[in-house]
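Some notes on the structure that comes next.
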Amino acid sequence: MLNKWFFTRIDNSALVVFRVLFGFLIAVEAFGAIFTGWIKRTLIEPQETFNFIGFEFLQPLPGNGMLYYYAVMGMFGIFVMLGYRYRVSIIAYGIMWTAVYLMQKSSYNNHYYLLMLLCILMAFFPAHRSFSLDARRNPAIRSISMPRWVWVTIVLQLFIVYTYAAIAKIYPDWFNGTFPRLLMAGKKDYWLVGEFLQQNWVHQSMVWYGFFFDLLVIPLLLWKRTRLFAFIAAVFFHLFNSFVLHIGIFPYLALAFTIFFFSSRTIHSLFLRGRKEYYGGNEIIVPAHKNLLMFLFSGWFLVQIALPLRHHFFEDNVLWTEEGHRLSWRMMLRSKGGSSTFKVVEKGTTDTIYVKKQDYLTQKQMRAINSKPDMIWQFAHRLKREYAEQGKDIQVFVNAKVMVNGRPSQTLINPKVDLAAEKWRHFKHHDWILPSKLE
């Protein structure tokens, strides 16, 4: 029974239109990073980019190489949009995007992670078999249908993203309006709406609208009676986020996903009438590699469900330790700030040097390092390597104080621990991170 449902052919208009929109948006993401100066600030100017630990071999290209790198990515995005050598283009963009994602953490964003996942999924989808240059060049691949599992994969992935985002909001600083208030405090200088965004009722609206939107948007889009209402709510939600939070292409990508929830006939009529036939059949085509496909499908979603839960297996509060924060859809949840001092002591001597972080880090990196234990550890080991090149064996001690959501500063790192001697453990709590006093 599951085979019949999973492998039933359905019209592919939504996938085809989404491919065009997705290709356009990832091209805008790449070219936009060039023209807004993001690449220069994030990948060219810094002496070190703070890789995901274990991926230190991924380093920015020298000179202006990353500008050319992103220009190539942008071209692959255009090729995806046009459906030109689609498989090669989406795989190439995905590999290049993933490399940059793992290359730097100063500009970490859950949306970047989502884009990496989408590139992987789109590489498996037959999104180029209609309304594409590939189908024009090779009519043998042309198809007006797709297996239902493609639609199921998209819907389940979105359900996981939004549901975990809602669950992550279930903590006091969200529901009492503390975090939305702190977030909007940084928007006071916005033209026309700056003062408006400081109103308490605006913060409370964000609290409840944000929570219930994340929790209910996918079920409401799936139900025909509430679909239009959910779509209107999504337009408001994502355009508000785009205008106020400046989070790149994600709001528009999220809106592009809504086409998968409307009827195929509606999508075909709106976007592809006269450009492709509508598929109204109900064929069941079970592929020879069915078992492999089901294994990959199950494995993918087991990982997607498990990763956002891993912070529960670490000691202390993830808002404090950051252990298990990334790859978990914990979006827009906390405001952190602080200060940190790095003290270098050469072993066997009493010589002490207080490191001038501005000699090593950009302003953005200095803000990030103050509250991120993994980046603090990485910087300590960078200092160790630098002094080792001078023939010196050193210890690195850190005094870091952090504020979480406006609370009084607390000491984050044990100042008596030599971080240069500590090893990084991906799956275990680091006891040099002092216990939090978060309620």
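Restricting to region 343-388, name every residue that is touching a residue at least 24 places away in the same chain (Cβ under 8 Å) and either of a type in the set (Ser, Thr, Tyr) or touching a Cys at 6+ places or on another chain (Cβ under 9 Å) (or both).
Tyr360, Thr362, Ser371, Tyr387
Quick check: anything in region 45-62 modelled with pLDDT of 95 or more, over 21 Å from the mean Cα position of the chain (by Cα) and part of a helix (DSSP H, G or I)?
No, region 45-62 contains no residue that is modelled with pLDDT of 95 or more, over 21 Å from the mean Cα position of the chain (by Cα) and part of a helix (DSSP H, G or I).
The conditions are (1) under 21 Å from the mean Cα position of the chain (by Cα); (2) surrounded by 18 or more Cβ atoms within 10 Å (Cβ to Cβ), and Asn12 fails exactly one of them. Which is it?
All conditions are met except number (1).
Of the residues that make up region 98-111, is at least one more than 21 Å from the chain's Cα centre (by Cα) and not aliphatic (A, V, I, L, M)?
no
When residues of region 388-420 are filtered for being among the small types (Gly, Ala, Ser) and surrounded by 13 or more Cβ atoms within 10 Å (Cβ to Cβ), how many remain?
First, pick out the residues of region 388-420 that are among the small types (Gly, Ala, Ser): 388, 391, 400, 406, 409, 420.
Filter once more, so that each one left must be surrounded by 13 or more Cβ atoms within 10 Å (Cβ to Cβ): 400, 406, 409, 420.
Here the count works out to 4.
What about Met206, is it assigned by TED's automatic domain parsing to the domain that holds Leu158 and under 17 Å from Arg330 (Cα atoms)? Explain how you work it out, then say what you get.
Values: assigned by TED's automatic domain parsing to the domain that holds Leu158: yes; under 17 Å from Arg330 (Cα atoms): yes.
Spelling it out, Met206 is indeed assigned by TED's automatic domain parsing to the domain that holds Leu158 and under 17 Å from Arg330 (Cα atoms).
Any idea which residue in region 63-84 is nearest to the chain's Cα centre (by Cα), counting only those that are outside any helix (DSSP H, G or I) and farther than 25 Å from Leu253 by Cβ?
Filtering region 63-84 down to residues outside any helix (DSSP H, G or I) leaves 63-64, 83-84.
Then drop every residue that is not farther than 25 Å from Leu253 by Cβ, which leaves 63-64.
Working: Gly63: 27, Asn64: 25 Å.
Top of the filtered list is Asn64.
Quick one: in region 1-11, which of the residues that are in a helix (DSSP H, G or I) and hydrophobic (A, V, I, L, M, F, W, C) is modelled with the lowest pLDDT? Give the derivation first.
Here is the first cut: in region 1-11, the ones in a helix (DSSP H, G or I) are 2-6.
Okay, now just the ones that are also hydrophobic (A, V, I, L, M, F, W, C), so 2, 5-6.
Values: Leu2: 70, Trp5: 87, Phe6: 92.
Looking at residues that are in a helix (DSSP H, G or I) and hydrophobic (A, V, I, L, M, F, W, C), I get Leu2.
May I ask you to list the residues in region 306-321 that are part of a helix (DSSP H, G or I) and surrounded by 13 or more Cβ atoms within 10 Å (Cβ to Cβ)?
Scanning region 306-321 gives Leu307, Pro308, Arg310, His311, Val318, Leu319, Trp320, Thr321.
Among the residues of region 12-29, are any in contact with a helix residue (DSSP H, G or I) (Cβ under 9 Å, 6 or more places away or on another chain), at pLDDT 95 or above, assigned to a helix (DSSP H, G or I) and charged (D, E, K, R)?
yes
Would you confirm whether any residue within region 370-385 is touching a Ser or Thr at 6+ places or on another chain (Cβ under 8 Å), among the hydroxyl-bearing types (Ser, Thr, Tyr) and either in the same structural domain as Leu115 (by TED's automatic domain parsing) or within 23 Å of Asn51 (Cβ to Cβ) (or both)?
no
Of the residues Ser409, Ser340, which is touching a residue at least 60 places away in the same chain (Cβ under 8 Å) and more than 19 Å from Val318 (Cα to Cα)?
Within the list Ser409, Ser340, the selection yields Ser340.
Answer with yes or no whether Val150 is hydrophobic (A, V, I, L, M, F, W, C), crowded, with 18+ Cβ neighbours inside 10 Å, touching a Gly at 6+ places or on another chain (Cβ under 6 Å) and farther than 30 Å from Ala368 by Cβ.
no
From the list Ser269, Ser264, Ser335, exactly one residue is of a type in the set (Gly, Ala, Ser), within 31 Å of the chain's Cα centre (by Cα) and modelled with pLDDT of 90 or more. Which is it? Steps first, answer last, please.
Numbers: Ser269 fails: within 31 Å of the chain's Cα centre (by Cα); Ser335 fails: modelled with pLDDT of 90 or more.
Exactly one residue qualifies, and that residue is Ser264.
Please determine whether any residue of region 194-201 is out of contact with any Pro (no Cβ under 7 Å at 6 or more places or on another chain), within 20 Å of Arg330 (Cα to Cα) and in contact (Cβ under 8 Å) with a residue 12 or more places away in the chain.
No, there is no match, as no residue in region 194-201 is out of contact with any Pro (no Cβ under 7 Å at 6 or more places or on another chain), within 20 Å of Arg330 (Cα to Cα) and in contact (Cβ under 8 Å) with a residue 12 or more places away in the chain.
With Tyr68, Tyr112, Tyr84, Tyr93 as the choices, which residue is farther than 30 Å from Ser371 by Cα, in contact with a helix residue (DSSP H, G or I) (Cβ under 7 Å, 6 or more places away or on another chain), surrounded by fewer than 20 Cβ atoms within 10 Å (Cβ to Cβ) and not charged (D, E, K, R)? Steps first, please.
Numbers: Tyr68 fails: in contact with a helix residue (DSSP H, G or I) (Cβ under 7 Å, 6 or more places away or on another chain); Tyr112 fails: farther than 30 Å from Ser371 by Cα; Tyr93 fails: surrounded by fewer than 20 Cβ atoms within 10 Å (Cβ to Cβ).
Every option except Tyr84 fails the conditions.
Looking at Arg41, Arg87, can you tell me which residue is in a helix (DSSP H, G or I), farther than 25 Å from Leu245 by Cα and out of contact with any Pro (no Cβ under 6 Å at 6 or more places or on another chain)? Even if it seems obvious, please write down each step before you answer.
On the way: Arg41 fails: farther than 25 Å from Leu245 by Cα.
Step by step, each of Arg41, Arg87 is checked, and only Arg87 is in a helix (DSSP H, G or I), farther than 25 Å from Leu245 by Cα and out of contact with any Pro (no Cβ under 6 Å at 6 or more places or on another chain).
The values are calculated or read from the model by the stated rules, or taken from the named source; none is laboratory data. Predicted, not measured: the structure shown is a model, and the values here were computed from it. Using ideal geometry, Cβ is built from the backbone for each residue, glycine included, and neighbour counts are taken over all protein chains shown.
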